[in-house]
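Participant: Questions regarding the structure given below will be posed in turn.
The values are calculated or read from the model by the stated rules, or taken from the named source; none is laboratory data. All of these numbers come straight from a predicted model, not from anything done at the bench. Heads up, the Cβs are rebuilt from the backbone with ideal geometry, glycines too, and the neighbour counts pull from every protein chain shown. Surface accessibility is based on the protein's heavy atoms, side chains included, excluding ligands, DNA and RNA. Shrake-Rupley method; radii C 1.70, N 1.55, O 1.52, S 1.80 Å.
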Amino acid sequence: HAKAMGRGCYAFFDVELDQRNHRLMQIKHGLRQALARDEMHLVYQPEINLQTGQVFGFEVLMRWHSDELGWVSPAEFIPVAEESDSIADLTRWMLIKACRELLPRLETGMQMAVNISPRQFGGDRWLALIRQCIDEEGLDPTRLCIEITEGALIRDMDQAVVQLSELRKLGVSVAIDDFGTGYSSLSYLKRLPIDYLKIDRTFVADIEQDQDDQAIIRAIINLADSLGISVIAEGVESEAQLDFLKSLDCDIAQGYFFAHPQAIDKIKC
Ligand code: C2E
Ligand code: MG
Ligand code: MG
Ligand code: MG
């Protein structure tokens, strides 16, 4: 009996696995031509300074509309791009494009935040790319913020110290993205030059009802405060969430309540 059922399950999962693999192959293949076919574009989401109510900066987010697959979310294609080598080309394109279309629109003091994949973080090509943008695209490094997830830092701490110190020397700031969802070995916060913690939106989602999430956010804000790090809350969708974050003295917030990520001609500085 169990054997028959086991076999049945296998057959079922095989089909799912095949479909999944097929999709991944299509994405991998599609990514190779996406830039040449002009299928990628960028959207920008404001981060709001909660003390002043002013725009603090914009996060740059990639969007892909594939001829064959239609809209594909970055949550799906970025991991595939990381596995193949497309990520380096995508990051190069993203950074140069953002320099050209976003920078001229930013008002004094506003920053541009870009995501760097953990996979890339170990290499030094993206550092060279940032230098290139400073030299050739008129990028003021103090306007740039790099977002990376904890995993990238913890995998190789010594490397991370070197990379982040290099960024610090250039004047580029660093944010830990999706903070609280990763390994959270908090000791790295002491060792590394970090400017911002971005609280993952899963903690913000139930902030009104869930006392544990409230406690976690309160703890993150207190921790950051004592280390001289600013906190950015992601995924703020309601006024109630915003009020709660304000009551905890959260510095900066981002989310649909303020604005969805939007094309360059739609953003308001
Ligand atoms: P992330 O860096 O944590 O980006 C925040 C994600 O939350 C974005 O999803 C954004 O659209 C979404 N978001 C913003 N406000 C809200 C809200 O109020 N509610 C909800 N439910 N979601 C909100 P998106 O654009 O789909 O990007 C997903 C992830 O893909 C990003 O997560 C980032 O890790 C990655 N990604 C996007 N663009 C790039 C890129 O250019 N390079 C790299 N390496 N990764 C990227
Ligand atoms: Mg991000
Ligand atoms: Mg994030
Ligand atoms: Mg997130």
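Participant: When you go through (1) more than 16 Å from ligand 4 (Cβ to nearest atom); (2) within 18 Å of Ala175 (Cβ to Cβ) one by one for Phe203, which number turns out not to apply?
Facilitator: Failing condition for Phe203: (1).
Participant: Looking only at residues that are out of contact with any helix residue (DSSP H, G or I) (no Cβ under 8 Å at 6 or more places or on another chain) and of a type in the set (Phe, Trp, Tyr) in the stretch 39-65, which one is surrounded by the most Cβ atoms within 10 Å (Cβ to Cβ)?
Facilitator: Of everything passing the filter in the stretch 39-65, Phe58 is surrounded by the most Cβ atoms within 10 Å (Cβ to Cβ).
Participant: Which residue, of Thr181, Thr202, is within 16 Å of ligand 2 (Cβ to nearest atom), more than 17 Å from Phe258 (Cα to Cα) and in a helix (DSSP H, G or I)? Steps first, please.
Facilitator: Working: Thr181 fails: in a helix (DSSP H, G or I).
Matching residue, one of Thr181, Thr202: Thr202.
Participant: Go through the stretch 221-240 and give me each residue that's open to solvent by 10 Å² or more (accessible area, probe 1.4 Å) and within 16 Å of ligand 4 (Cβ to nearest atom).
Facilitator: Glu234, Gly235, Glu237
Participant: In this structure, does Glu83 turn out to be open to solvent by 80 Å² or more (accessible area, probe 1.4 Å), within 19 Å of Ile116 (Cα to Cα) and either of a type outside the set (Asp, Glu) or within 14 Å of ligand 1 (Cβ to nearest atom) (or both)? Before you say what the answer is, go through the steps one by one.
Facilitator: Numbers: open to solvent by 80 Å² or more (accessible area, probe 1.4 Å): yes; within 19 Å of Ile116 (Cα to Cα): yes; either of a type outside the set (Asp, Glu) or within 14 Å of ligand 1 (Cβ to nearest atom) (or both): yes.
Taking the combined requirement at face value, the residue satisfies it.
Participant: Take the conditions away from ligand 1 (no atom under 13 Å from the Cβ) and either touching a Ser or Thr at 6+ places or on another chain (Cβ under 6 Å) or in contact (Cβ under 8 Å) with a residue 60 or more places away in the chain (or both) and apply them to Asp243. Does it pass?
Facilitator: On the way: away from ligand 1 (no atom under 13 Å from the Cβ): yes; either touching a Ser or Thr at 6+ places or on another chain (Cβ under 6 Å) or in contact (Cβ under 8 Å) with a residue 60 or more places away in the chain (or both): no.
Against the criterion (away from ligand 1 (no atom under 13 Å from the Cβ) and either touching a Ser or Thr at 6+ places or on another chain (Cβ under 6 Å) or in contact (Cβ under 8 Å) with a residue 60 or more places away in the chain (or both)), Asp243 does not qualify.
Participant: Here is a check on your reading of the model: is Asp265 open to solvent by 50 Å² or more (accessible area, probe 1.4 Å), in a helix (DSSP H, G or I) and either under 14 Å from Pro46 (Cα atoms) or touching a residue at least 40 places away in the same chain (Cβ under 8 Å) (or both)?
Facilitator: Judged against the criteria, Asp265 is a match.
Participant: Now a separate question. Return the total of residues in the stretch 155-178 being in a loop (DSSP other than H, G, I, E, B) and touching a Ser or Thr at 6+ places or on another chain (Cβ under 6 Å).
Facilitator: 1
Participant: Which of the residues spanning the stretch 47-78 are more than 16 Å from ligand 2 (Cβ to nearest atom) and polar (S, T, N, Q)?
Facilitator: Answer for the stretch 47-78, where residues must be more than 16 Å from ligand 2 (Cβ to nearest atom) and polar (S, T, N, Q): Asn49, Gln51, Thr52, Gln54, Ser66.
Participant: Could you tell me whether Ala152 is within 20 Å of the chain's Cα centre (by Cα), part of a helix (DSSP H, G or I), of a type in the set (Gly, Ala, Ser) and over 26 Å from Pro261 (Cβ atoms)?
Facilitator: No: the conditions fail for Ala152.
Participant: I'd like to check something: does the stretch 226-233 contain any residue that is touching a Ser or Thr at 6+ places or on another chain (Cβ under 9 Å) and modelled with pLDDT under 95?
Facilitator: Looking for residues that are touching a Ser or Thr at 6+ places or on another chain (Cβ under 9 Å) and modelled with pLDDT under 95, one finds none in the stretch 226-233, hence no.
Table: residues versus (1) under 17 Å from the mean Cα position of the chain (by Cα); (2) within 15 Å of ligand 1 (Cβ to nearest atom); (3) among the charged types (D, E, K, R).
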| position | (1), (2), (3) |
| --- | --- |
| Trp126 | yes, yes, no |
| Asp135 | no, no, yes |
| Cys145 | yes, yes, no |
| Asp156 | no, no, yes |
| Leu197 | yes, yes, no |
| Ala205 | no, yes, no |
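Participant: Any idea which residue in the stretch 169-193 is modelled with the lowest pLDDT, counting only those that are exposed (fewer than 12 other Cβ atoms within 10 Å of the Cβ) and of a type in the set (D, E, K, R)?
Facilitator: By that ranking, first place goes to Lys190.
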